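The values are calculated or read from the model by the stated rules, or taken from the named source; none is laboratory data. What you are looking at is a predicted structure, and each value in this text was computed from that prediction instead of being measured. Positions of Cβ are generated from backbone atoms using ideal geometry, with glycine treated the same way; all protein chains shown enter the neighbour counts.
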Amino acid sequence: MAQQEFIIQRYNPDTDESYEESFNVDVQPGQTVLDSLNAIKWEQDGTLSFRMSCRHAICGSCAMKVNGQSMLSCQTQVDAAAERGDPIRVGPQGNQHVIKDLVVDVEKFLLQFERAETWLEPYEDQDPPEREYRQKVEEFDHWSHASTCIHCGACYSDCTVAAVDENFLGPAALAKAYRFVMDSRDSKREERLQFLSEEQGGIWDCTRCYMCVQACPKDVLPMDAIMELRTLAIEAGHVNNHGVRHHKGFMSGVRKRGRLDEMMLPVQSVGIGRLLTGNLAAHKEMMDYTPGAIRLLKSRKLLTIAQRHGANAEGREQIERIFEEVEAEKHHHDVDAEAFGAEFETAIGGH
Amino acid sequence: MSKYAFWPGCVAQGAAPELYTSTLAVAEHLGMDLVELEAAACTGAGIISDGEPYLQDVLNARTLAMSEQMDLPLMDICSTCVGVHRLAAEKFRDVDYRIRINHHLAPEGLEYRGTVDPRHLLWILLEDVGIDKINSMVKRPLEELNLGPFYGCYLVRPERTLDFDANPTRRDSLEQLIEILGATSVTYDGMTKCCGFPILTMNKKNSLTMAGTHLDEAQSKGADALVTPCPLCHLNLDAQQPDAAKVIDRNLNLPILHVPQLLGLAMGLEPETLGLTRHVVDTNRLLNKIGA
């Protein structure tokens, strides 16, 4: 039996005191971090507070930070968490208010699911089926990863946007929203995509940092879900926002020169159309970029057009060809899908 | 002489030209032969794939196929580029998908067969050049410096695409390089987080709060400068630093070095050659400290 040191981030709400406390625990092979917390609570300090229930990585109660990363403590073995005999650091989840020791107030996290209305909205004009609502296996396979969330909060705890913005819906609620957008039994797909595009703290505020993908103990892949929501929202025509203008501007630079055109990108994100129609907010946004541009000029970071490499001539020709081919293929696919949709509607007698 | 297919990325040839010139200077000094992929396209940085994931995949398959056709290992100098290349390479393990993508490459005589392992210069320094050789080239040890690593998301996440188990040096590559060159690595929470750059034009306040928070934390832990393998992080941490300071209401004065600049300084190259005069945050105090 080996000894392992745990350094636990503690908080006492009665005295409003935050402090670190060290405990030594005898550990057996295969012992988890949660087993060790129980050992501390039962044998050394009964006041240590943390949440737990199932001990089988399914209830989602015991997510906390182990060595700075959020994970389920019942799923994390001491051997895996201990590096070169260093102490294991255990702390409460991030981005949430700490109630006591390792217990956080999960209300803000759960509120995001309510905001995104992540429950099934069935078609009201349809009689319920005789047996059950069916979903095609192939359809389910495509998005099933997003349905395995256990609401443990590990992704929200490590989310880099939630760290600076209370208003961000966060990876878990967005992944759950994606799950209902994809579900053919749900009637609110369009409304959902519109909400997720336009709501402050929606899909366009994600930084693509992969923290949530890394933290999730159930491979929900929240960020992948958010990225797919972006594609679906653009396809559904929700394009009047900075995120989509940024995407379109980026694409046009790469199509022209084979490379990103970062000089034009701020203008394109603000929106040339908005600027030309005298949109005051847009002009204020442009003014905000001016000091930064002047700094770049002063530090001689902005190269002249002649100095800036794009792809060579042969490359540009091929890149343009690929853009055209992919566009054509997509159009072809859309026509197919439309024909299929019409056929489908006829078959089921309209919706 | 070790030879590489070299993808510089857009920012190194755009708003961070000092990354490009310092990479070439350091490579020459180390005897690395870089064959630039001049016909290749931007990786899309996850932004093309916001609306056109398939298009982004085709563009990256093309770059990987070029490197494969030249029979040279692929070297990136940007965390974002290497991350996007690796995520693409992961998708192309699906043979059916690769066949579909290859239709678009055939007209220019390319085909991606799935053999490329895209790597960052930082990894190549540790894995190919080696600690001994780097050690032997150090002319100006950086003992006086406390340096904070700033990785850029895609060099640390998602772990499944980074092969950390087979290549354990990748896990803390930046700390290792800093220590090999004689400097002290400063540990702080923000070092593996997001710099905020991807949302600069969508949500400036959030973006600059991220940059400012990490800079402030590293500065208060005694860092003389940060070192980053990602030019996008460099843009938010260096070029936007005065605005980030305003957003978080703190005084910030922390120079940001690119990886080849750090190595070049240790190998005795001139600051001018390394483009250290082309930063927004002045590097003079840092250079005086090491007598450069």
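Numbers at a glance
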item	result
Residue under evaluation A:Leu111, criteria (1) assigned by TED's automatic domain parsing to the domain that holds A:Ala146; (2) touching a Phe, Trp or Tyr at 6+ places or on another chain (Cβ under 9 Å); (3) in a helix (DSSP H, G or I), criterion not met	(2)
Residue match in segment B:269-286 (condition: more than 10 Å from chain A (Cβ to nearest Cβ) and touching a His at 6+ places or on another chain (Cβ under 9 Å))	yes
Residue satisfying all of: in segment A:222-243; crowded, with 22+ Cβ neighbours inside 10 Å and among the aliphatic types (A, V, I, L, M); farthest from the other protein chains (Cβ to nearest Cβ) among these	A:Ala225
A:Arg257 vs. criteria closer than 20 Å to B:Asn60 by Cβ and at pLDDT below 95	yes
Scope segment B:241-264; condition under 19 Å from B:Thr192 (Cα atoms) and either within 14 Å of chain A (Cβ to nearest Cβ) or part of a strand (DSSP E or B) (or both); matching residues	B:Gln241, B:Ala244, B:Pro255, B:Ile256, B:Leu257, B:His258
Residue under evaluation B:Pro198, criteria (1) more than 10 Å from chain A (Cβ to nearest Cβ); (2) over 25 Å from B:Ile290 (Cα atoms); (3) in contact (Cβ under 8 Å) with a residue 60 or more places away in the chain, criterion not met	(1)
Residues of segment A:254-264 satisfying the condition of being surrounded by fewer than 22 Cβ atoms within 10 Å (Cβ to Cβ) and in a helix (DSSP H, G or I)	A:Arg255, A:Lys256, A:Arg257
Selection count, segment A:1-56, where residues are in contact with a helix residue (DSSP H, G or I) (Cβ under 7 Å, 6 or more places away or on another chain) and of a type in the set (A, V, I, L, M)	5
Where a residue in segment A:309-328 is at the interface with another protein chain (Cβ under 7 Å from one of its Cβ atoms) and its partner, wherever it lies, is surrounded by 14 or more Cβ atoms within 10 Å (Cβ to Cβ) and β-branched (Val, Ile, Thr), with Cβ under 7 Å and at least six apart	A:Ala311/A:Ile319; A:Ile322/B:Val58; A:Val326/B:Val58
Selection from segment B:183-228 of residues that are farther than 23 Å from A:Lys65 by Cα, of a type in the set (S, T, N, Q) and part of a loop (DSSP other than H, G, I, E, B)	B:Thr201, B:Asn203
Selection from segment B:38-61 of residues that are in contact (Cβ under 8 Å) with a residue 40 or more places away in the chain, assigned to a helix (DSSP H, G or I) and either more than 7 Å from chain A (Cβ to nearest Cβ) or more than 24 Å from A:Glu324 (Cβ to Cβ) (or both)	B:Asp57, B:Ala61
Among the candidates A:Asp105, A:Asp101, residue that is on the phi > 0 side of the Ramachandran plot and in contact with a strand residue (DSSP E or B) (Cβ under 7 Å, 6 or more places away or on another chain)	A:Asp101
Any hit, segment A:316-339, residues being modelled with pLDDT under 85 and polar (S, T, N, Q)	no
Residue within segment A:68-89 that is assigned to a loop (DSSP other than H, G, I, E, B) and of a type in the set (Lys, Arg) present	yes
Subset of segment B:109-129 [assigned to a helix (DSSP H, G or I) and either buried (at least 17 other Cβ atoms within 10 Å of the Cβ) or among the aliphatic types (A, V, I, L, M) (or both)]	B:Leu121, B:Leu122, B:Trp123, B:Ile124, B:Leu125, B:Leu126, B:Val129
Among the residues listed as A:Ser269, A:Ser299, the single one being within 7 Å of chain B (Cβ to nearest Cβ) and either at positive phi or within 34 Å of the chain's Cα centre (by Cα) (or both)	A:Ser269
Residue that is buried (at least 16 other Cβ atoms within 10 Å of the Cβ) and either in contact with a His (Cβ under 8 Å, 6 or more places away or on another chain) or farther than 30 Å from A:Lys65 by Cβ (or both), where the choices are A:Asp186, A:Asp205, A:Asp125, A:Asp165	A:Asp186
Matching residues in segment B:202-234 - criterion: being surrounded by fewer than 22 Cβ atoms within 10 Å (Cβ to Cβ) and polar (S, T, N, Q)	B:Thr209, B:Thr213, B:Gln219, B:Ser220
Set B:His104, B:His85: member being part of a helix (DSSP H, G or I) and either touching a strand residue (DSSP E or B) at 6+ places or on another chain (Cβ under 7 Å) or at pLDDT 95 or above (or both)	B:His85
So A:Phe23, is it among the aromatic types (Phe, Trp, Tyr), in a loop (DSSP other than H, G, I, E, B) and on the phi < 0 side of the Ramachandran plot	no
Enumeration of residues in segment B:130-142 that are surrounded by 18 or more Cβ atoms within 10 Å (Cβ to Cβ) and either under 30 Å from B:Val84 (Cα atoms) or outside the structural domain of B:Val259 (by TED's automatic domain parsing) (or both)	B:Ile134
Selection from segment B:1-37 of residues that are aliphatic (A, V, I, L, M), farther than 29 Å from B:Thr277 by Cβ and either touching a residue at least 60 places away in the same chain (Cβ under 8 Å) or crowded, with 20+ Cβ neighbours inside 10 Å (or both)	B:Ala5
A:Glu5, sole failed condition from (1) touching a strand residue (DSSP E or B) at 6+ places or on another chain (Cβ under 7 Å); (2) surrounded by 16 or more Cβ atoms within 10 Å (Cβ to Cβ); (3) of a type outside the set (Lys, Arg)	(2)
Positions within segment A:59-113 being more than 23 Å from A:Leu169 (Cα to Cα) and among the small types (Gly, Ala, Ser), in sequence order	A:Ser73, A:Ala80, A:Ala81, A:Ala82, A:Gly85, A:Gly91
Residue match in segment A:28-51 (condition: assigned to a loop (DSSP other than H, G, I, E, B), basic (Lys, Arg) and not assigned by TED's automatic domain parsing to the domain that holds A:His151)	yes
Criterion (part of a strand (DSSP E or B) and more than 9 Å from every other protein chain (Cβ to nearest Cβ)) met by exactly one of B:Val35, B:Val26	B:Val35
Within segment A:195-221, tally of residues that are more than 9 Å from chain B (Cβ to nearest Cβ) and among the β-branched types (Val, Ile, Thr)	2
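Conditions (1) free of Cβ contacts under 8 Å to residues at least 60 places away in the same chain; (2) surrounded by fewer than 22 Cβ atoms within 10 Å (Cβ to Cβ); (3) of a type outside the set (Val, Ile, Thr), marked per residue:
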| residue | (1), (2), (3) |
| --- | --- |
| B:Glu144 | no, yes, yes |
| B:Phe150 | no, no, yes |
| B:Thr161 | no, yes, no |
| B:Phe164 | yes, yes, yes |
| B:Glu179 | yes, yes, yes |
